[in-house]
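One structure is given below, encoded as C-alpha cells.
The values are calculated or read from the model by the stated rules, or taken from the named source; none is laboratory data. Note that the coordinates shown come from a computational prediction; the quantities given were computed from them, not determined experimentally. Counting neighbours? That spans all protein chains shown, and the Cβs are built from the backbone with ideal geometry, glycine included. Ligands, DNA and RNA are stripped out before the accessible areas are found, and what is left, the full protein with its side chains, is counted by its heavy atoms. Shrake-Rupley method; radii C 1.70, N 1.55, O 1.52, S 1.80 Å.
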Amino acid sequence: MKQFYVENIKNYPEVVDFFMIKSAGIKVGANKKQYLDILLGDKTGEINAKKWDVSETEAAELATYKEGDLIKVKAQVTDWQGQTQLRITRIRKSNEADNLEIEDYIKAAPEKSEEMFDYIYGVAESMEDEDLKKLCTKVLNDNKDRLMYYPAASKNHHAEYGGLLYHVKRMLMTGIAVCQIYTDLNRDLVCAGVILHDIEKLNEIESNEYGVSPGYSFEGQLLGHIVQGISFLDRETRALGFSREKAIMLEHMILSHHYEPEFGSPKKPLFPEAELLHYLDILDARMFDMEDALRGVEPGEFTDRVWVLDNRRLYKPTGM
C-alpha cells in the first residue's frame, strides 16, 4: 500500500515508496559529475528529485528509465530554494511482485472523461450557427479517443489524465455564464473558440495512455499549438465551406489567446469574443494552479513557492 503521497511528503524526513516517472534525464553538474534529474509523480502531484554522483555504469542503467515507469526510491526530503525536493539514495524499477495499483500514480482530472466529453459535445450540438456546430462536432468526434486521456500541458496546469477535457469544460461553463451577463457577445463564437483553442495540443504534446507527457513533438517544438491550430482550422473551415470572415475570426481567436508575443501570440484580441477567450483561458489556468498548489496544505499554512505563479507562496485560510 502506498504510504507517501506527494501532497504530504514534505512532512517526512525520508521516504521509501513507489512513484511514476514524469520525466528523467542524466545531466552533468558544475563539478563535472553526472546526476539523475527526475520528475516523480502520483495522483496527488509532482516532485523533483535528484540522484547525485552517478557512475557511468549507473548512468547506462538509469538511461533506460522513461516516463510512465513506476519506480521505487529511497530518498531524503530536502528544501532547495523554497521548494521541496527529494535526494535519492537508492532507486529501482517496479516489478509484478510489487502488486501496485495504477490509480495511485495517475494524476487525473476530478471528473470522468466520458462525462466531460458529453458536456462539451452537448454545448457544440446546441449551437445555432450551423457552420460552427458542424466544425466543433466533427473535431470532437474525430479526436474523441485521444481526448479521453490527453493532458492540456506537458507540465504545469492540467498536466493530468483528462486534463484537456477538464480545461475546456470549465472554460465553457464560465464562458456561457459570462455570455448571460454581456449579452452582446456571440455565444456560439465564444464556445467554438473555447472548444478549438487548444485542440492542436493533441499534436503539440506527446502523451501515453495515462496522460503522462514526456514533452513536445517535433512539430510542437518547432511550431507550437497556436500555429498548428491556425493551419488546422484553415484546412477544416475550407473543407466545410466557411465564409472567409468567419474562418479568419476563428483563426484570430486561436492566434491571440495567449495575448502577448512572448507567450506565442503575435496579435492581441481584436474583438470581444477573442478578448474573452484569453481571460477564460488564463483564469482557468490560474485557478487550477492555485487549487493544485494548495492541495495537501494544512489550514493556516503557506505552500512552497509556486514557480508558475510568479514564485508566490499561497496561503490556505483556517476556515472563514
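Annotation: amide H-H contacts under 5 Å for Glu160 (H modelled 1.01 Å from N, sequence separation of 5 or more, or interchain): Ala152, Ala153. Estimated at 0.36 nm per residue, the fully extended path between Thr318 and Glu125 surpasses their Cα-Cα distance by 65.1 nm.
Taking label points 7 Å from Cα along the Cα-to-Cβ direction, Leu240 and Glu103 give a separation of 3.8 nm.
Across region 176-189, coupling constants 3J(HN,Hα) worked out from phi with the 6.51/-1.76/1.60 Karplus curve, θ = phi - 60°, read 5, 5, 5, 5, 6, 8, 9, 6, 7, 5, 7, 4, 5, 5 Hz, and Gly and Pro carry x. The simple Förster model, with R0 at 45 Å and r as the Cβ-Cβ distance, assigns Trp307 and Glu114 a FRET efficiency of 0.85. Over region 27-151, all Cα pairs binned in 10 Å intervals from 0 give whole-percent P(r) values of 10, 29, 23, 16, 14, 7, 0, listed from short to long. When nucleic acids and ligands are ignored and a 1.4 Å probe is applied, Phe242 ends up with an accessible area of around 30 Å².
Ordering of 282-291, 297-306 by packing is 282-291, 297-306, highest average first (other Cβ atoms within 10 Å, averaged per residue).
Peptides 99-111, 161-173, 251-263, ordered by how many other C-beta atoms sit within 10 Å of their residues on average, highest first, read 161-173, 251-263, 99-111.
Percent relative contact order of the chain, based on C-alpha pairs within less than 8 angstrom and at least six residues apart?
Once divided by the residue count of the chain, the mean separation gives 13 percent.
Set the Förster distance to 25 Å, then compute FRET efficiency between Asn31 and Asn11 from the Cβ-Cβ distance, nearest 0.05.
Efficiency, rounded to the nearest 0.05: 0.20.
Between the helical axis of 272-294 and the longest alpha-carbon principal axis of the chain there is an angle of about 20 degrees. Panel values: region 40-91, Kirkwood radius from alpha carbon pairs, Stokes-Einstein at 37 °C and 0.692 mPa s, translational diffusion coefficient 269 µm²/s. Backbone phi angles across region 122-135, fed through the Karplus curve with coefficients 6.51, -1.76 and 1.60 (θ = phi - 60°), yield HN-Hα couplings of x, 5, 4, 5, 7, 5, 7, 6, 5, 4, 5, 4, 4, 5 Hz in residue order; Gly and Pro are listed as x.
Only Cα pairs under 8 Å and 6+ residues apart enter the sum, and on that basis the relative contact order of region 1-125 stands at 26 percent. Amide H contacts under 5 Å for Gly215: Glu206, restricted to partners 5 or more places along the chain or on a different chain, H placed in the peptide plane at 1.01 Å from N. In summary, the lysines within cross-link reach of Lys133, defined as a Cα separation below 28 angstrom excluding same-chain residues under 8 places away, comprise Lys112, Lys144, Lys169, Lys201, Lys246, Lys267, Lys268.
As a rough guide to protection, the peptides 25-35, 10-20, 201-211 ranked by mean Cβ packing within 10 Å, highest first, stand as 201-211, 10-20, 25-35. Between Phe271 and Asp142, the C-beta separation translates, for a Förster distance of 45 Å, into a calculated FRET efficiency of about 0.95.
Per DSSP H run of at least 4 residues, take -39500 (n - 2.57); add these up for the chain, divide by its residues and hand me the 222 nm value, nearest 500 deg cm²/dmol. When only DSSP H runs of four or more count, the value is -12000 deg cm²/dmol.
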